1. Just the number, please: Stokes-Einstein D of the chain in µm²/s, Kirkwood Rh from C-alpha pairs, 25 °C, 0.890 mPa s.
2. Could you tell me which helices of the chain pass both thresholds, a Cα extent of 24 Å or more along their own axis and a mean Kyte-Doolittle hydropathy of at least -0.5, with helices taken as whole DSSP H runs?
3. So what is the relative contact order for the chain, in percent, with contacts set as C-alpha pairs under 8 Å and at least six apart?
Amino acid sequence: MVADPHCTEITSTHIDAGIALAQHYALEALRLFDAGSARSEILRAEQLLEWLINRNRDLIALPDIYQYGPNTFRDAKTALEALHLLEEHGFLEQVEGGAVIDGTKRREVWRVIGRSP
């Protein structure tokens, strides 16, 4: 009807073009929606990074996160997921062989190397 307002029938060519146009706009809407939403694991990692930076200490061990970190990180899976994500993005590096933190030898230790989120 856009091409010819006086038409009496819609052809299959017009229907195909309408379907293609609708699909294009639906895919574009999905793309924009996904771009605006952050994954929850990224948000948790950012929360942990902010806490690490505010601590102003270079080394961190898992028990420190469980005991003193944000409430979100009270289990190993959640804490390790955030630590590994921060490590992948260059904010942390694992210390081989562990380290002594506050007088206690820890096996799994990370060094904060990125100071700005």
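1. 137
2. Those that clear 24 Å and a mean of -0.5 are 12-35.
3. About 23 percent, as a whole number.
Computed from the coordinates by the stated procedures, all read-outs in this text should not be read as laboratory data. What you are looking at is a predicted structure, and each value in this text was computed from that prediction instead of being measured.
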